[in-house]
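What follows is a set of notes on a single structure, which appears directly below.
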Amino acid sequence: MYKKIALSISLLIIGTLFFYSQNNNNATDDGIHKEGFQEKVVESVEKSDSLSAAYKDVQDTNVNEETDSTMDKDESELESATEESRIGESSEEVDKKIDDIQIVGDTMEPKIGLDKKVRDESGKLLNTILADEYLLYTKTYNYHWNVKGLMFNDLHLFFEKQYEQLEDFVDSVAERVRSLGIPALGTMAEFIKHSRLKEDAAGTVLSEKEMLANLLSDHEAIIRSLREDIDKTDEIGDMGTNNFVTDLMEKHEKMAWMLRSYLS
């Protein structure tokens, strides 16, 4: 494109000079006019050469830019290939580590020093505790909503504190079950089926003292059951679950004491 522009400019200058020379044919000094014309022609040619050189420089610059772009692209592709290779190596390392873990069905078998039989027994025991805790949590929440009478404000707040504690118990027991590699119960149907406690009949209206007495009875029932569970976990050699259940029992003993104090 630049070459065409330079050529066009040169032709325009030459045509102008030619016209100039024709209009000066009657001058007295023909030698002077011829000499001036020749100088103009030379000047136009030099300008044309200069423009051609500039065009060449632009072409060289474009070639260099294309070369640099190609080199950048090649470097980018090389880096991408290197990154993919690195990721591939990392994946292979991860696959090797997974192969080293014992797989049972779709579940990774915990290697925590307890064989599957012990973990199954502890998991079953803990799921029963989980069902008891969830049933008592729901009953306490119900009493928090439906309590009425002269002690409404005190008991409303008291039941709230108790169901918040029970909610923490539920979560802790479920996580202990999962830490043993056993599925935790998670539906109301399962909780009702496996719980050692009983729900109130639907539509039952209770007084303040009846609510307190029911909750106290359930806490004491859980405490007695937990004592038996402590002995069982000791027999099968699961000291982690044994300590966990012991700690849970002590918390229920404190909650039962508070309920009993209201009834005294």
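Coordinate-derived values only; no laboratory data. Model, not experiment: these values are computed from the prediction. Neighbour counts run over all protein chains shown; Cβ positions are idealised from the backbone, glycine included.
Of note:
- For the stretch 200-220, taking the residues that are assigned to a helix (DSSP H, G or I) and in contact (Cβ under 8 Å) with a residue 60 or more places away in the chain, the one that is farthest from E121 (Cα to Cα) is identified as E208.
- Residues that are closer than 22 Å to M258 by Cβ and without any contact (Cβ under 8 Å) to a residue 12 or more places away in the chain do occur in the stretch 168-191.
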